[in-house]
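**Student:** Sharing a structure below in structure tokens format, with a few things to ask.
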Amino acid sequence: MTEKIARGAPAPVSGPEKGAPVEEGEPREKWANKTEFLLSMAGEIIGLGNVWRFPYLCYKNGGGVFFIPYFVFLFFCGIPLFFLETALGQYTSESGVTAWRKISPMFQGVGIASGVIVLYLNIYYIVVLAWAIFYLYSSFQSPLPWSTCNNWWNTENCYDHQAGSNWSFLHNISTPDYFGSWTNATIDDMPFLLGKSSEEEFWMHRVLRLPNDGSLGKLNWDLALCLFLAWVMVYFCIFKGIKTTGKVVYFTATFPYLMLLILFFRGVTLPGAWDGLIYYLYPDFSRIRDPNVWLDAGTQVFFSYAVCQGVLTSLGSYNKYNNNCYRDCLALCLLNSATSIFAGFAVFSVLGFMAYEMDLSIEEVVSSGPGLIFIAYPKALSLLPGSSFWAVLFFLMILFLGLDSQFVCVESLATGLTDMFPGQLRRRGRREILVLVIAVVCFLLGLPCLTEGGMFVFQLIDTYGPSGISLLFIACFECIVISWVYGADRFYDNIEDMIGYKPFPVLKYCWMFITPLICWATMMYDLSIKKEVYVYGYTIGSHWGILGTILVVTPLISIPAFILISQWKNPNTMTTPSSDLRQARPDKPILTLCKKAIFKAQPPPNRPVEENKENREKREMEEPMV
């Protein structure tokens with residue numbers, strides 16, 4: 001450690017800026033060990049999207065051909081941004097907003113925008129867990145309540161496989177999209193006039209209780225109770241900070257893998273499983289020319305890797321300074337993509353069995369989003385011997401997949417607020433109160449998603465809240481700030497000082513050119529597409545569209561707003577990094593291209609020798625993370 005300190009001049013400074021109030025309160029925590037950090041990161045990035053979205057997108061967009069655009073976006077956008085945000089948090093020891101404030105005060109709005117995205121996620125993502133809890137409770141009944149048509153919620157148009165029903169009616173309707181919505185239906189875009197399976201009726205009439213007029217209707221109190229239970233679990237997982245979070249992820253991040261393995265081995269041993277896997281992976285090379293395939297791939301990478309949400313920065317900020325975050329990020333990215341591909345085998349082997357049992361083609365049994373988790377897969381499970389047992393395992397897996405992603409998002413929001421107001425919130429007992437306030441507020445804001453027309457609200461927030469446009473816009477600014485404002489070479493030197501060597505050189509050029517150009521081009525194409533959002537035959541009207549526009553603009557407006565605020569407050573230090581950031585090579589140009597200096601060195605301001613000595617002794621006491 002002392003050798004690493006000796007390489008850099010001047011020594012780091014950790015004290016507050018001159019004239020700033022002295023911050024009081026408890027010291028900032030660190031991860032107890034590397035395993036807790038890795039499991040927490042894995043729990044965040046490996047979630048429901050790996051199971052309910054990636055397999056369907058792969059099948060929908062040309063099977064194995066989809067891997068080509070997916071890995072292009074992964075290597076040139078996903079991994080560079082994933083590593084950038086994690087390294088930024090570790091380097092600054094700050095979460096989203098304050099990390100960007102230290103790098104460049106005028107761009108702290110980038111952190112604010114990410115924080116608003118996380119707030120959206122905390123409100124609506126946990127609603128899926130409420131549905132999963134409801135299904136988990138129902139799974140203990142025999143026969144499974146969604147497998148028959150003799151229930152009070154069923155209609156005369158209900159079909160169930162146990163009665164040997166004719167499933168030919170399914171040939172008359174199109175495949176449900178990401179959120180179970182139906183588009184391009186053959187009968188006036190109103191598929192609810194056709195017959196529906198018992199699983200679909202359970203989902204629409206028992207769980208969602210969709211109204212006939214498209215209004216919100218009344219609150220479904222049983223689902224509200226499930227949402228309350230989900231928030232109770234989230235609260236007790238994180239209310240003490242990373243001391244509890246780091247211990248809980250040992251179970252929540254590993255248990256879904258056990259369930260996925262069990263379902264995989266059961267699925268591939270079923271008749272018809274091979275047909276399902278062929279549909280999953282068979283390449284259709286004609287689809288590679290479709291720009292929508294590339295858009296789906298980019299969207300999947302951004303959502304699956306949790307970039308531009310501030311979560312990675314918050315988790316990285318709890319690392320010790322010399323942790324090898326570069327190696328960690330590469331391992332986590334490999335694990336995430338491998339999990340998505342493997343989940344496809346578990347999903348499509350069972351769907352192939354269902355198509356075999358019901359004498360249907362794969363196209364008629366495949367759906368995505370909640371349609372996959374709450375209709376297609378439960379239908380397949382009900383065909384298995386001991387169906388209740390398999391249903392319990394499946395929904396336990398869904399619950400824990402979503403749970404650790406949810407409480408890490410809440411942890412990120414709490415960490416961001418604490419870092420912004422350390423004098424008030426970093427005190428004994430304040431952490432528990434802060435997390436409780438976040439839980440209560442997000443619980444109340446999530447209740448409209450559990451009304452009879454709550455799927456409209458859920459679909460609206462998911463489409464326009466953490467939308468692809470918002471994430472792509474934030475990604476462009478992150479790359480620009482690190483590369484062209486703070487300096488890509490300076491950031492590379494910071495990383496080398498932390499991990500002991502420079503990362504792969506291509507990352508620098510990804511941050512400077514490739515990643516922002518791909519993100520910008522994708523965003524322009526996304527904006528050019530005319531979108532209509534359907535929810536079970538209803539089109540979201542113009543009044544909902546206005547609300548959707550507000551959801552998109554709210555986080556993004558913070559970026560130019562804070563640029564103007566910084567210009568008004570102190571225009572001379574708008575791009576000056578905080579002086580307490582350690583600079584290993586302050587005399588080196590902050591950005592070079594083709595061995596020519598684009599931006600010259602920016603030496604940090606002189607600080608008292610006593611502060612430097614005190615900070616050096618403090619850093620020498622830190623041991624590298626094992």
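**Student:** Given the condition in contact with a strand residue (DSSP E or B) (Cβ under 8 Å, 6 or more places away or on another chain), modelled with pLDDT under 95 and under 30 Å from Leu225 (Cβ atoms), answer yes or no: does some residue in the stretch 464-471 qualify?
**Tutor:** Taking every residue of the stretch 464-471 in turn, none turns out to be in contact with a strand residue (DSSP E or B) (Cβ under 8 Å, 6 or more places away or on another chain), modelled with pLDDT under 95 and under 30 Å from Leu225 (Cβ atoms).
**Student:** List the pairs whose first member sits in the stretch 496-514 and is part of a helix (DSSP H, G or I), whose second member is hydrophobic (A, V, I, L, M, F, W, C) and surrounded by 15 or more Cβ atoms within 10 Å (Cβ to Cβ), and whose Cβ atoms are under 6 Å apart, counting only residues at least 6 apart or on separate chains?
**Tutor:** Asp497/Ala584; Lys508/Ala488; Cys510/Phe76; Trp511/Cys479; Trp511/Ile482; Trp511/Ala488; Met512/Ala488; Ile514/Phe76
**Student:** Given the criteria touching a Cys at 6+ places or on another chain (Cβ under 9 Å), among the small types (Gly, Ala, Ser) and over 21 Å from Leu556 (Cα atoms), does Ala87 qualify?
**Tutor:** For Ala87, the condition - touching a Cys at 6+ places or on another chain (Cβ under 9 Å), among the small types (Gly, Ala, Ser) and over 21 Å from Leu556 (Cα atoms) - is met.
**Student:** Under the condition of being of a type in the set (Val, Ile, Thr) and either part of a helix (DSSP H, G or I) or within 19 Å of the chain's Cα centre (by Cα) (or both), which residue from the stretch 335-375 is surrounded by the fewest Cβ atoms within 10 Å (Cβ to Cβ)?
**Tutor:** Ile341
**Student:** Considering only residues of the stretch 550-607 that are of a type in the set (Ser, Thr, Tyr) and either in a helix (DSSP H, G or I) or closer than 29 Å to Phe473 by Cβ (or both), which is nearest to the chain's Cα centre (by Cα)? If you could, list the steps in order and put the result at the bottom.
**Tutor:** Start the filter on the stretch 550-607 by keeping residues that are of a type in the set (Ser, Thr, Tyr), which leaves 554, 558, 566, 573, 575-576, 578-579, 592.
Right, trim to either in a helix (DSSP H, G or I) or closer than 29 Å to Phe473 by Cβ (or both) and you get 554, 558, 566, 573, 575-576, 578, 592.
Working: Thr554: 19, Ser558: 21, Ser566: 30, Thr573: 34, Thr575: 30, Thr576: 31, Ser578: 29, Thr592: 34 Å.
Out of the qualifying residues, it is Thr554.
**Student:** In addition: Only residues that are among the hydroxyl-bearing types (Ser, Thr, Tyr) and under 8 Å from Gly267 (Cβ atoms): list them for the stretch 346-363, please.
**Tutor:** Ser349
**Student:** Out of contact with any strand residue (DSSP E or B) (no Cβ under 7 Å at 6 or more places or on another chain) and surrounded by fewer than 22 Cβ atoms within 10 Å (Cβ to Cβ): is that true of Gly63 in this structure?
**Tutor:** Answer is yes for this residue.
**Student:** I need every pair where a residue in the stretch 449-477 that is farther than 13 Å from Leu527 by Cα has its Cβ under 6 Å from the Cβ of a residue that is among the polar types (S, T, N, Q), sequence separation at least 6 or different chains.
**Tutor:** Listed by first residue and then by second, the contacts come to Leu450/Asn220; Gly453/Ser215.
**Student:** Separate question: If I ask for residues that are farther than 16 Å from Trp146 by Cβ and either among the aromatic types (Phe, Trp, Tyr) or in contact (Cβ under 8 Å) with a residue 24 or more places away in the chain (or both), which ones from the stretch 207-225 would you list? It would help to see each step written out before you state the result.
**Tutor:** The initial filter retains those residues of the stretch 207-225 that are farther than 16 Å from Trp146 by Cβ, namely 211-221, 224-225.
The answer is Pro211, Gly214, Ser215, Leu216, Gly217, Lys218, Leu219, Asn220, Trp221, Ala224.
**Student:** Please go through the stretch 341-390 and pick out each residue that is on the phi > 0 side of the Ramachandran plot and either free of Cβ contacts under 8 Å to residues at least 40 places away in the same chain or touching a His at 6+ places or on another chain (Cβ under 6 Å) (or both).
**Tutor:** Answer for the stretch 341-390, where residues must be on the phi > 0 side of the Ramachandran plot and either free of Cβ contacts under 8 Å to residues at least 40 places away in the same chain or touching a His at 6+ places or on another chain (Cβ under 6 Å) (or both): just Gly386.
**Student:** To continue, here is another question. With respect to Trp544, determine if the residue is crowded, with 17+ Cβ neighbours inside 10 Å, at pLDDT below 90, in a helix (DSSP H, G or I) and not β-branched (Val, Ile, Thr).
**Tutor:** Against the criterion (crowded, with 17+ Cβ neighbours inside 10 Å, at pLDDT below 90, in a helix (DSSP H, G or I) and not β-branched (Val, Ile, Thr)), Trp544 qualifies.
**Student:** Residues in the stretch 102-118 that are under 12 Å from the mean Cα position of the chain (by Cα) and either farther than 21 Å from Ile438 by Cβ or not small (Gly, Ala, Ser) (or both): how many?
**Tutor:** Number of matching residues: 2.
**Student:** Follow-up. Out of all the residues in the stretch 452-463, is one or more touching an Asp or Glu at 6+ places or on another chain (Cβ under 8 Å), modelled with pLDDT under 95 and not aliphatic (A, V, I, L, M)?
**Tutor:** There is no residue in the stretch 452-463 that is touching an Asp or Glu at 6+ places or on another chain (Cβ under 8 Å), modelled with pLDDT under 95 and not aliphatic (A, V, I, L, M).
**Student:** Here's a follow-up. Scan the stretch 428-485 residue by residue and report those that are among the polar types (S, T, N, Q) and over 18 Å from Val116 (Cα atoms).
**Tutor:** Thr451, Ser483
**Student:** From the list Gly96, Gly49, which residue is in contact with a helix residue (DSSP H, G or I) (Cβ under 7 Å, 6 or more places away or on another chain), buried (at least 24 other Cβ atoms within 10 Å of the Cβ) and touching a residue at least 40 places away in the same chain (Cβ under 8 Å)? Give the steps one after another, and end with the answer.
**Tutor:** Details: Gly49 fails: buried (at least 24 other Cβ atoms within 10 Å of the Cβ).
None of the others qualify; the one that does is Gly96.
The values are calculated or read from the model by the stated rules, or taken from the named source; none is laboratory data. If you're wondering where the values come from, they're calculated on a predicted model, not measured in any experiment. Cβ atoms come from the backbone with ideal geometry, glycine included; neighbour counts cover every protein chain shown.
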